[in-house]
Amino acid sequence: MVDGMTGSETLFSLASGFALAGKVRKITPLGDGLINDTWLVATDRDKGVLQRINGAVFPRPAWNMANLRRVIAHLEDGKERDIRLPKPIPTRGGADWLEERGGFWRMLEYIEGITLKGVDSRETARSLGWSLGRLHALLADLDPAGFHDTLPGFHVTSAYLSEFDRALSDWRGLACAELSAAVSRIEAHRGRAEVLERADLPRRIVHGDPKLDNVIFDVSRRRPLAWVDLDTLKPGSVLYDIGDCVRAACGKGGRLDMELAAALLSGWHEAARRFLTAVEIDLVPHAVWLLPFELGLRFLTDFLSGNRYFRVDDPEENLRRAQDQLALARDVDSRFGRLSRIWREISATPGK
C-alpha cells in the first residue's frame, strides 16, 4: 500500500536509485508481511523487490545485509542449486541500501514463483520440511561468531514473559472474556515456556522466520525454490525454525494437522539428521508446542501495549491472533504424546 510518506512518485524515485536493469515501469505491493513494507518493481527489462526496512525493529541495516551476503557467498562457494536466496541489488552508487524519507530502503533479486496460503498435501509438507532442513545443513558449518545478531532477544521466551507481565500490569483497557482466557492460557504454561531456553542447544545460523509467506514455490510442482525475508538470518537454534515452520504450515484454526506435521518433520529430519545432536532431537516436539505459545504471547503483549510491533488493521487484531496461536498450542499440548511417538519413529535413523 502506498502511504503518505511513500507516494507513487517517491517510490519510483527510490526504485530508480538501484542498479536494476531498464527503466522502472510499474510498482505494486508485494506480500502481507507484518514488519517491513515490500513492493514488486518491474522495469522494461527486469524485476526487483523494493523493501523499506522497519528501522524500529532492525535499526542497523548494515548488519542485516552483511549476514545475507555472507550466507549467499557460502552457498555459492559450494555451487549450491537446491536452495536459492535473493541476492541484493546495489544502489547505483554501489551501496547495499538507501537511507531516504526517514527509512532504510533496499532492493533484492526477484525470484519467480508463488507463495502458498496453506499446505494441502503431505508431499508439499515433506518438501517444505526437506528444504528447511537442507538450508540448515548447508549453514551448519558456518561459525555463528562471525554473524551479527540483527534482532537481540528474539526467541528469548523469558524476556517475552517479562514484557507481557509489564504490559498486563500497565493495561488500562476494558476487560473482556477473550483477554481473560488468553491470559489464563499463558499463566497455565508459564513454567514450561523456557524449555528450549534452559537446554544446552548448539548455536547455528538459522532463517529465523520460516513461515509460508517466506518460501517461494515452483508453480507447477509446488516444491520450494527459495527462502526470502532474511532479516532474521542470524545465530540461533534450528529448533525454533522447525517449530515455527510446523506452526505456520500445519496449524490452522487453532488445530495442528498431525499428518501434515509428520510429513514436514520427516522431510526436515531427512535433510538435517547428519548434524543434529541428541539434545536437539529430543526437544523437537517441545519446539512444535512452544512456537505457537510464544507467538501467541507476543501477539497478546503487543495488543496490551497498543499494537506497536505487529501491523494491524483494527485495534483487536492482535488479540484475535493471540487467541488463535494459544489455541494451537493447547491443541498440540492435548496430543503431545501422539506427536512425540510420531517424532520418535521419524528420528529413529541415527543423527550425530
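Nothing in this text is a laboratory measurement; each read-out follows from the coordinates by a stated rule. None of these values were measured; they are calculated from a predicted model. Because the Cβ atoms are built from the backbone with ideal geometry, glycine has one as well, and the counts that use them run over all protein chains shown.
May I ask you to compute the full-extension gain from R203 to S16, defined as 0.36 nm times their residue separation minus their alpha-carbon distance, rounded to one decimal in nm?
Working: separation 187, 0.36 × 187 = 67.32 nm, distance 3.94 nm.
The span from R203 to S16 would gain 63.4 nm if fully extended.
Could you grab the Rg to Rh ratio for segment 122-346? Cα atoms only, Kirkwood for Rh.
0.96
Taking neighbour Cβ counts within 10 Å as the exposure measure, how do L11, L75 sort from fewest upward?
Working: L11 21, L75 17.
Listing L11, L75 from fewest to most nearby Cβ atoms yields L75, L11.
About the Cα centre of segment 8-109, what is the dipole size in debye to 20, counting +1 per Lys and Arg Cβ and -1 per Asp and Glu Cβ, all else neutral?
So the dipole magnitude of segment 8-109 works out to roughly 160 debye.
Quick one: which residues, 5+ away or cross-chain, put their amide H under 5 Å from the amide H of R60? H built at 1.01 Å from N.
It is none; the list stays empty.
In what sequence do M107, M258 fall when counting other Cβ within 10 Å, fewest first?
Result, fewest neighbours first: M258, M107.
Would you mind checking which residues have amide H under 5 Å from V206's amide H? H placed 1.01 Å from N; only 5 or more apart, or other chain.
K234, G236
Once phi is turned into ³J(HN,Hα) by the Karplus curve 6.51 cos²θ - 1.76 cosθ + 1.60 with θ = phi - 60°, what whole-Hz value does each residue of segment 308-313 show in order, with x for glycine and proline?
Running phi through 6.51 cos²θ - 1.76 cosθ + 1.60 with θ = phi - 60° gives 8, 9, 8, 5, 10, 9 Hz.
Give me a comma-separated list of calculated 3J(HN,Hα) values for segment 107-124, in order, Karplus coefficients 6.51, -1.76, 1.60 applied at θ = phi - 60°, integers in Hz, x for any Gly or Pro.
These are the phi-based 3J(HN,Hα) values: 10, 10, 4, 8, 10, 5, x, 10, 10, 10, 7, x, 9, 10, 8, 5, 5, 5 Hz.
How do Y240, Y309, Y160 rank when sorted from fewest to most other Cβ atoms within 10 Å of their own Cβ? Mind dumping the intermediate values first?
Numbers: Y240 24, Y309 17, Y160 21.
If I rank by nearby Cβ atoms, fewest first, I get Y309, Y160, Y240.
Return the sequence-ordered ³J(HN,Hα) values of segment 209-216 in whole Hz as given by the Karplus equation 6.51 cos²θ - 1.76 cosθ + 1.60 applied to θ = phi - 60°, using x for Gly and Pro.
Coupling constants for segment 209-216: 8, x, 8, 4, 4, 9, 10, 9 Hz.
Around D96, under 15 Å between beta carbons, what's the net of Lys plus Arg minus Asp minus Glu among the other residues?
Surrounding charge for D96 is +3.
Starting from the amide H of L225, placed 1.01 Å from N in the peptide plane, find each other amide H under 5 Å away whose residue is 5 or more places distant or on another chain.
Counting only residues 5 or more places away or on other chains, the set is I216, F217, D218.
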